[in-house]
Amino acid sequence: MHQHSRAEMEQELRLLFATDEQLRKDLVAVYELFSDTSSEDDPRPETEMSLPQRQVNQSRERQKREIKRLRHEVDALSADIASRHQARTTRVMSEWEQVARDELQAANDARREQQELLGQVQDNATFIDDMVQVLRKKPRLIATDVQSDAWRQCKLAAQASLRVAAIHAIADREYSRMQSAFVRAGILDRWEDLVRTTPIVQPVSQKLLLEYATVLTLPAPFNWVGPAVWKVFRGDYDKALRANAQEIWERLDEHTAYSAFQAVEGDASAHSNFVAKHYAEPTREVVVWRSVLQDELMPRMATGTVHDEWGSLVVLKVDEHTCCIKSLMYIAAGEAIPSERVQAPIEVTENCRDTLDMMQMPLVDKEEVPFALKTFYERGRELEIALKAAVEEVIAEYQTMLHTRAA
């Protein structure tokens, strides 16, 4: 117990010496005082000193040496603390740390907002009761308020202003979820090539959820590849629509688009509407997309099968001539499929860029796939082929430019 207390005391003294600048100055002054006293006593011959005087001088020498040792220790501790502080201030946070900080900040903001709202509700309880009575007399106002918040369920209103706001809100929410989704999929800090298809059968509903994860390193700058990818997502590619299908594109601005697709076969219909948005940033380009599950301008969606898909793609800068694409996509098949029909996860880690089919359909008997699911899969394959062609074209263009400069 005594040794432990002494160790704690020494640690406290070390911290005190390292952080108290005035104490350090006092130690220096005491050291100089002993130095002066010692220098005055040194010329006197030892034979002329009395025994008590010699003992005093020896005691002063010991104190002088101890203070000198403490000075060196104070300097060393101060330098160590300064270097550690400098390292903390200059170190760049890792992606994991940034995600953790963002998640913590979001949670704290949500809790703070909840407390503020609860406080406001309590403070304005009487006013709220009065407003409820007024709104009950004007149901049109209630309907408008419900529509303005419908985007959270991936629904679009017919009113133009609400529609545009909802499209941006849906996309921005997917963007805010991207980092956390990459963490869960294990690709946030992965730089080795990967093409992976993971089928997930929901335990209760037995419905199939497909996860597609891709990591590819490409020999072209990120700000060359990113815009090429976005052109495909906004619909700038050759589409091979079947006779019983139609597609409408809506461009809100240079970086936001909305697509409405429909295919019919007999009494069955398949609808795939999605929002896509592009974010151009200093060291990366991001594209996010999310299916719209209900559109008031397209009432026929209520009678068919609606595609449910969400995902994000980021093109990261590696160096001046190289980039890395990380893509994560989820498709809720919407069909109850027995687990014995589902294949094991498919993963490729070599020659990923040459992989012909990055979007595998992990079913044992693909011939028995329902019409809607098959339609959505074929549409996804068409988009994948267009993306590959666009990326390979921009890589070839960049490599040609490099060879021309070198010639």
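Only the coordinates and a few stated rules stand behind these numbers; no lab work does. Quick caveat, the model's predicted, so the values are computed rather than measured. Glycine gets a Cβ as well: all are built from the backbone with ideal geometry, and neighbour counts include every protein chain shown.
Listed from fewest to most Cβ neighbours within 10 Å, the set Cys323, Cys154, Cys352 follows the order Cys352, Cys154, Cys323.
When the GluC sites (Glu not before Pro) in the stretch 270-320 are filtered for DSSP coil states and for at most 16 other beta-carbon atoms within 10 Å of their beta-carbon, the remaining sites are Glu296, Glu320.
Among the listed pairs Lys155/Lys207; Lys155/Lys231; Lys239/Lys326; Lys277/Lys388; Lys231/Lys317; Lys207/Lys388, those with a Cα-Cα distance over 27 Å are Lys207/Lys388.
For Leu402 and Glu382, what is the calculated FRET efficiency with R₀ set at 22 Å and r taken between the beta-carbons, to the nearest 0.05? Rounded to the nearest 0.05, the efficiency is 0.10.
On full extension, the segment bounded by Glu265 and Trp249 gains 3.6 nm, given 0.36 nm per residue less the C-alpha separation.
Take the Cβ atoms of His72 and Gln120, set R0 to 51 Å, and the FRET efficiency comes out at 0.25. Listed from fewest to most Cβ neighbours within 10 Å, the set Asp193, Asp267, Asp236, Asp295 follows the order Asp267, Asp236, Asp193, Asp295. Note on the stretch 203-321: with charges restricted to the Cβ of Lys and Arg (+1) and Asp and Glu (-1), its dipole about the Cα centre is near 80 debye. Per-residue 3J(HN,Hα) values for the stretch 207-216, derived from phi via the Karplus relation 6.51 cos²θ - 1.76 cosθ + 1.60 with θ = phi - 60°, read 7, 8, 10, 9, 10, 10, 10, 9, 9, 9 Hz in sequence order (x marks Gly and Pro).
Here the label points at Arg60 and Gln153, each 7 Å from Cα along the C-beta direction, are separated by 9.1 nm in the simple model.
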